[in-house]
Amino acid sequence: MPKTGWPLAALSTVAAASLLLVTGCSSSDSGGKGDDAAAAATGGSLRGQSITVYSGQHEQTVKALTADFEKRTGIKVKLRSGDEAELANQILQEGPASPADVFYAENPPALTVLEEKGLLADVAPGTLKSVAAADSSPKGGWVGVSARTAAFVARTGTPADSAPPTSVRDLASPAWKGRLGIAPGETDFAPIVTRMIKTDGADGAKKWLEGLKANSKVYNSNEDLSVAVNSGEVQGGVVDHYYWYRLRDEKSAAGTHSKLHYFAKGDPGALVDVSGAGILKTGKHQAAAQAFLAYLDGKDAQKLIAASQSYEYPLVAGVPGKPELAPLASVGTVASVAELGDGKEALQLLQDTGLLQ
């Protein structure tokens, strides 16, 4: 789905409202049981019901998933796609009157905000067991569905490609001045800032962001940044891995003049993050919503995700990702929910440094 830089500001509104109003191919012995759970949940009695899904995930893939779910279960899906931060904020504003039954987000922080507000129902235990425990909320309010990695995209034939950074910290060095692009308004960027806060402290993370600001040209989205690197406008930048693969598909091999590199394992930039889905307590169709989450973590849906042009990693054991993707185990481990939190500190630092208005 298209993104712009400003929706991350909406997540700061979500975070503020929460204060005011309130791997990879992971191993799991229960992998694939989501299909059985979805079938058992529907059993004929839920056919003809309708659920509303607020989705901040890739729209094309989610449309394919919901169409397959409707065909298999007879449950209709009303899909409302948008930026995850805007949708989470909308749920907060709508309160008990929200028509949403399910919230499907690209990153954990927006789900964490809603869970901490007490707005999410418990996910069925069988669905939670479909993926590794580290891929979902430890409180059971949402379940992981797919994964992505942060990566450094570099223009081929430049020093950024021949000598890529081994740490995301390197990018704040004066050596990168004028060579770097960043998209600080992307919701995918904030979790890296959160990890920097955890490892280097708030002062260290702020100094790092100030270095990035001094070195970089700012772009509205990871799509724009990926295009800028590919065209040679800048030498490199940090994006989620799938933006490069989708650009490659668009440009073809002949038109692709960039390459992915990964930060050293354990580095704050070696981020493996998950998408996830939760059920609103105020939803009118709890059983049908549970069936949808069970479907997402069943092998049928996971195979569909793996084959899609989203280039995300499936989470259910036994379902491989696209063969051209780097093995997640070679990049890092899934960032824990506790590690990522609700993103408020990261958003505050982005605003303090002027990278986010």
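The values are calculated or read from the model by the stated rules, or taken from the named source; none is laboratory data. Please read these numbers as outputs of a predicted model, since none were measured by experiment. For neighbour counting, all protein chains shown are included, and Cβ atoms are generated from backbone atoms with ideal geometry for every residue, glycine included.
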Quiz item: Only one of (1) part of a helix (DSSP H, G or I); (2) surrounded by fewer than 23 Cβ atoms within 10 Å (Cβ to Cβ) fails for P320. Which number is that?
Solution: (1)
Quiz item: Between residues in the range 71-84 that are within 27 Å of N107 (Cβ to Cβ) and assigned to a strand (DSSP E or B) and residues that are at pLDDT below 95 and of a type in the set (A, V, I, L, M), which pairs lie under 7 Å by C-beta distance while being six or more apart or on different chains?
Solution: S81/M1
Quiz item: Between residues in the range 135-164 that are on the phi > 0 side of the Ramachandran plot and residues that are surrounded by fewer than 24 Cβ atoms within 10 Å (Cβ to Cβ) and part of a loop (DSSP other than H, G, I, E, B), which pairs lie under 8 Å by C-beta distance while being six or more apart or on different chains?
Solution: G140/D122; G157/H257
Quiz item: Hey, any hits in the range 51-70 for a residue that's at pLDDT 95 or above and on the phi > 0 side of the Ramachandran plot?
Solution: no
Quiz item: Which residue, of L315, L296, L280, L340, is surrounded by 21 or more Cβ atoms within 10 Å (Cβ to Cβ), aliphatic (A, V, I, L, M) and outside the structural domain of A88 (by TED's automatic domain parsing)?
Solution: L340
Quiz prompt | Matching residues, the range 66-106, being of a type in the set (S, T, N, Q) and out of contact with any Asp or Glu (no Cβ under 7 Å at 6 or more places or on another chain) | solution = T66, T73, N89, Q90, Q93, S98
Self-check item: Complete set of residues in the range 192-228 that are within 22 Å of Y245 (Cα to Cα), out of contact with any Phe, Trp or Tyr (no Cβ under 8 Å at 6 or more places or on another chain) and part of a helix (DSSP H, G or I)
Solution: I192, D224, V227
Quiz item: Within the group V113, V123, which residue is in a loop (DSSP other than H, G, I, E, B), aliphatic (A, V, I, L, M) and buried (at least 18 other Cβ atoms within 10 Å of the Cβ)?
Solution: V123
Quiz prompt | Residue that is farthest from H241 (Cα to Cα) [pool: residues in the range 253-288 that are of a type in the set (A, V, I, L, M, F, W, C) and in a strand (DSSP E or B)] | solution = L280
